[in-house]
Each structure stands twice: as structure tokens, then as C-alpha cells.
Amino acid sequence: MKKYCILSLIVILLAGISLAGYAGTFPEKQITIIVQASPGGTSDTKCRTMAAAIEPLLGVPIVVINKTGAAGAVAFSYVASQKPDGYTIGNLSIELTMLKALGYADVMPENFDLLCMPGAYNPSTITVNANSPWNTAEEFLAYAKENPGVITVGNSGIGSIWHIAALKLEKALGIEFTHVPFTGASMMKVALMGGHIACSTGSPMENASGVLSGDLRMLAVMADKRFSKFPDVPTLKELGYDVQTTAWSGLGCPKGLPAETKKILVDALKKGYESEIYQNMQKTRGYEPGFLGPEEFTEFAQAEYKTYSKLLPELGMGKK
């Protein structure tokens, strides 16, 4: 009898050790994804699709919250200030590589543990209202040269990638726009469709519904190749203007994420990227496929940071 009691005690102790090993296993509660742009745009769509894909994998609710302002500085600064426990994930767009140079916030890629970049590279476009007098990019650019400051060009915030796209166009062609900022690409599209601005430099799919409905006209893509969903729209490069601007975004957590938590998140995000729901979203929206893991994404983001730290002062943005 004594022997059985001892054995029972050993089993209980071992069970306790085993349970203790699993206590605190990540995740145990809701995970929040912070999006730097307003609902309805590319960043928001990507994050909400990814949340739906990984929620059943992680077994906890995944909630998406939009925090707009200052070309992403509001959202990025908020995420960087949170506890590095994996429960706050930021959608880290290309603007993260620009904020320090712009003087908006002392936040940069090195303030985060970068998890992945799940596809969705987005080139800038020249898109106008269908009631405008311009049927080609050549007509639009010729008018801009002859009428400096007359054309109003929307962007998703001063210092945002779509603002930078318009500035690059100005610098390369010697033209001048009047820049009109919005809190995100979706609001910019609404203004363009309503005739409140003359042009948008947003991505093809951000303007797609308006183009397909006949309310908008896409004149050119600022990329090295045509966009698959709009194969008839030429690139600026084809027209003799080598101006290219591409947006991107990935996911990351505040610096200091535990290695095991990071692995769990990266594994889930990789599976989420490969899921049917996410792949269908990419295909529907015409995004180029591709997945960068933590190391590749970190290297890429750091290279972009160096590029824009040099380029932005040349465009008259930030401090020289």
C-alpha cells in the first residue's frame, strides 16, 4: 500500500512538472494588430485577411485596430511602446523607413522584431477622374508642365509613400503639383471619385473599383512592369520617364520579443500567408506573390531605411 502511495505521489509530481511546463504558453489571450492606415485600403485589407487566416491556428481572437496619423508615426510609435510579449503586432509599412528622416518620430526598423512581409508589393499610379480632360499620361504631364501648381494630387498623408511618389514625379519631370493629404488611400479614392482632387498616386487596386466602374481613369503605373490586373495601362518607364515607386508592408512586434513567441508567430503567419483565404485575396487584388521571413524582411527594411534617409532630403523633405 505504501509502495502505491509513493508511486501515486511521483505521478502527481510529474504531472505537476508537466503542467508547469505548459503554464503561460503563448498565446493565452487576444492578439491585436495595429494598422497605420484607415479601413478599406491595402494595409487594412491585408491585415484583416491575415487575422482571419491565423485566428484558428493560434486559437485566440485576433483584433485589427486602425490608428492613423503622421504617415504612420502614430501607429508605429504606439506599437514600439508596447510590451514585447507578442500580443501587439504592428503593420509596418514602408513609411517606417522614412519617419526619422522626416522628423515625425524617432522610430525605425531597429525598434521592432520584424516577423514577415507577406507579399503585396504595390506600385504607385497616375489615376484621374474619368471626367478629366486627360486620356493619357502624356497629356496629363504636359498639362502639369504648362500649369504649375494647378493639378491637385491626393496622398495618404504628408510623408506617406504616395506623397513621396508625387514628389519623385515632380523632381524627375520638373513639374509642380498641389498636394492634398488624407488619412488613407480609401479616403483619397473617395475624394477623387467625387471630383474633389484631380489625381491620385495610390496603388492600382486601391483605385480599382473606381476604374472598373468607369468613374476613374488609370493613366500609368510607376513600376518597371505593367500591373497584372490592368495590363493595358502602360508604365511610366515605357513612356520614357524612369520614375518608380513601390509600397510594401510587413508585420512586426516591439523589440525584445521572446524567441519562442517569435517562432510561434512566424510559423502561424507563414501558414496564414499560404492559406486559401490569403492567397485568394492576393490573386483577386493582383498582388505579386512572395514571402519574406524575419531575417530577409529585416535586411530589406534596413536597406530601404538607408535609401529613404538619403532620398527624402533630396526631395525637400525632412532635414538635410
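Residues checked against (1) hydrophobic (A, V, I, L, M, F, W, C); (2) not assigned by TED's automatic domain parsing to the domain that holds Leu99:
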position	(1), (2)
Val180	yes, yes
Phe227	yes, yes
Lys255	no, no
Leu269	yes, no
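Sort through Thr25, Thr88 and tell me the only one that's of a type in the set (Val, Ile, Thr), over 29 Å from Asn207 (Cα atoms) and outside the structural domain of Val266 (by TED's automatic domain parsing).
Thr25
Looking at (1) over 13 Å from the mean Cα position of the chain (by Cα); (2) closer than 25 Å to Gly293 by Cβ; (3) surrounded by fewer than 22 Cβ atoms within 10 Å (Cβ to Cβ), which is the only condition Lys145 fails?
Of everything listed in (1) over 13 Å from the mean Cα position of the chain (by Cα); (2) closer than 25 Å to Gly293 by Cβ; (3) surrounded by fewer than 22 Cβ atoms within 10 Å (Cβ to Cβ), Lys145 misses just condition (2).
Can you tell me how many residues within the range 249-283 are surrounded by 21 or more Cβ atoms within 10 Å (Cβ to Cβ) and at pLDDT below 95?
Number of matching residues: 1.
For residues in the range 260-295 being in a helix (DSSP H, G or I) and aliphatic (A, V, I, L, M), which is farthest from Leu57 (Cα to Cα)?
If we take residues in the range 260-295 being in a helix (DSSP H, G or I) and aliphatic (A, V, I, L, M), then Met281 is farthest from Leu57 (Cα to Cα).
What are the residues in the range 240-265 that are farther than 25 Å from Gly157 by Cα and in contact with a helix residue (DSSP H, G or I) (Cβ under 6 Å, 6 or more places away or on another chain), if any?
Correct list: Lys255 only.
Filter the range 287-312 for residues that are of a type in the set (Val, Ile, Thr) and either under 16 Å from the mean Cα position of the chain (by Cα) or crowded, with 17+ Cβ neighbours inside 10 Å (or both) and give the result.
Residue satisfying the conditions is Thr298 alone.
Quick one: which strands (runs of 3 or more DSSP E) sit completely within the range 55-165 and have at least 3 residues that are among the polar types (S, T, N, Q)?
88-93, 122-129
Lys270 passes all but one of (1) in contact with a strand residue (DSSP E or B) (Cβ under 7 Å, 6 or more places away or on another chain); (2) closer than 21 Å to Val153 by Cα; (3) charged (D, E, K, R); which number fails?
Among (1) in contact with a strand residue (DSSP E or B) (Cβ under 7 Å, 6 or more places away or on another chain); (2) closer than 21 Å to Val153 by Cα; (3) charged (D, E, K, R), the lone unmet condition for Lys270 is (2).
Looking at the structure I just gave you, is Lys229 closer than 19 Å to Thr42 by Cβ, among the basic types (Lys, Arg) and outside any loop (DSSP other than H, G, I, E, B)?
Taking the combined requirement at face value, the residue does not satisfy it.
Scan Leu212, Leu173, Leu216 and give me the residue that is more than 19 Å from the chain's Cα centre (by Cα) and crowded, with 17+ Cβ neighbours inside 10 Å.
It is Leu216.
Give the residue that is farthest from Ala130 (Cα to Cα), with candidates limited to residues of the range 183-204 that are crowded, with 19+ Cβ neighbours inside 10 Å and free of Cβ contacts under 8 Å to residues at least 40 places away in the same chain.
Filtering first and then ranking leaves Met188.
Test of understanding: among Gly90, Gly41, Gly69, which residue is more than 22 Å from Leu257 (Cβ to Cβ), buried (at least 17 other Cβ atoms within 10 Å of the Cβ) and within 17 Å of the chain's Cα centre (by Cα)?
Gly41
Is at least one residue of the range 40-49 assigned to a loop (DSSP other than H, G, I, E, B) and touching a residue at least 12 places away in the same chain (Cβ under 8 Å)?
Yes, some residue in the range 40-49 is assigned to a loop (DSSP other than H, G, I, E, B) and touching a residue at least 12 places away in the same chain (Cβ under 8 Å).
Checking Ser186 against (1) on the phi > 0 side of the Ramachandran plot; (2) in a helix (DSSP H, G or I), which single condition isn't satisfied?
Single failed check for Ser186: (1).
The values are calculated or read from the model by the stated rules, or taken from the named source; none is laboratory data. From a predicted model like this one, the values you see are computed outputs, not experimental measurements. As a convention, Cβ positions derive from the backbone with ideal geometry for all residues, glycine included, and neighbour counts pool all protein chains shown.
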